[in-house]
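Have a look at the structure below before the remarks.
Only the coordinates and a few stated rules stand behind these numbers; no lab work does. Note that the structure is a prediction, hence the values are computed from the model and not measured. Quick reminder, even Gly has a Cβ in these numbers, built from the backbone with ideal geometry, and neighbours come from all protein chains shown.
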Amino acid sequence: MQQSKFPKYIFDWFGGLVLLIGYIIGSVIVGFVGVAGKFIFRLDFMQKPWFLMLSNAIVFCLVIAAFDFLIVRPKTGKKLNFNFSPTNFYTYLLIFPMMLGMMFIGEFFTAQIPTTGPFFGDYYEFFENLMSGLTDDPVLMVITAVIMAPIFEEIIFRGIIQKGLMNKGVEPWKAILFSSLLFGLIHGNPWQFVGATLLGGVLGLVYYKTKSLLLPMLLHGFNNLCSTLLVTYTKNESFAQAFKIPEWEILIIGIVLFSLFCYLFMKKNKVHYSDI
């Protein structure tokens, strides 16, 4: 039997530490460049949208490289590599409506989180100001949120963490849940945590069933593209407000879409790519 070209690495506490170290080193490098820009070029790089995009890419690349060189290559003798196989057209017809349904469900629960008050009000204002730098430049937002984020984040959360846990022998549903919770937490605020965790579950399920990292990347990009369009043209990341319907109707539509297409995907989809 032909040996798999994909390394069978595992993800454990040491792997998590390596990812954290890679993140810290990347952040330090970005911070150093930002400070150097102020003193040498008299420019505040930290306020430049292009620098934010570049710094995100640098940090993500260093995180992935750290795991590759410190975990994967020493233990497997192979470089970090993933399956990016496409699937049949029928599967795409199932997973995108399923993803849209979960996006609707996530929006409903996110809408229940307060945005005013002594704690949430100040936090939400800070979060809105933080995001305004991206939304002011639609091109930058598309590059960062629709292209870069799906690629880097899916490699880390599904390709490294979820797959590494399953390679270790962790039950698939536990690996999907763990990576989804981390995916939600990394967004750093309660409004994105809910949606990111729920959507992370869908992304993890699709990756587990198809074994192809391409599909969760496309779904992730689809979600971020919808959010970008909503923010750009309606100034609010809400399907309910865009369609002028109550949030509970969005919830019902989401439950129907997700339940139907998830059932079809789980029961009818017969294509499962192997890691060979």
Rg(Cα)/(2.2 N^0.38 Å) for the range 1-81, N = residue count: 1.43
Cα-Cα P(r), the range 95-191, percent of pairs per 5 Å interval: 2, 11, 13, 19, 22, 17, 10, 5, 2, 0
Cross-link partners of Lys168 among aspartates and glutamates (Cα-Cα below 20 Å; sequence separation of 8 or more within a chain): Asp12, Asp68, Glu154, Asp275
Flagged links, alpha-carbon separation over 30 Å, of Lys75/Lys211; Lys8/Lys267; Lys235/Lys267; Lys79/Lys211: Lys235/Lys267
Which labelled figure in (i) 17.6, 51; (ii) 19.6, 63; (iii) 18.4, 55 is Rg and Dmax of the Cα atoms in Å, once derived from the coordinates: (ii)
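For each of Lys174, Lys78, count neighbouring Cβ atoms within 10 Å of the residue's Cβ, then give the residues from fewest to most.
Lys174, Lys78
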Mean separation of Cα contacts under 8 Å, 6 or more apart, over the residue count of the range 1-81: relative contact order %: 47
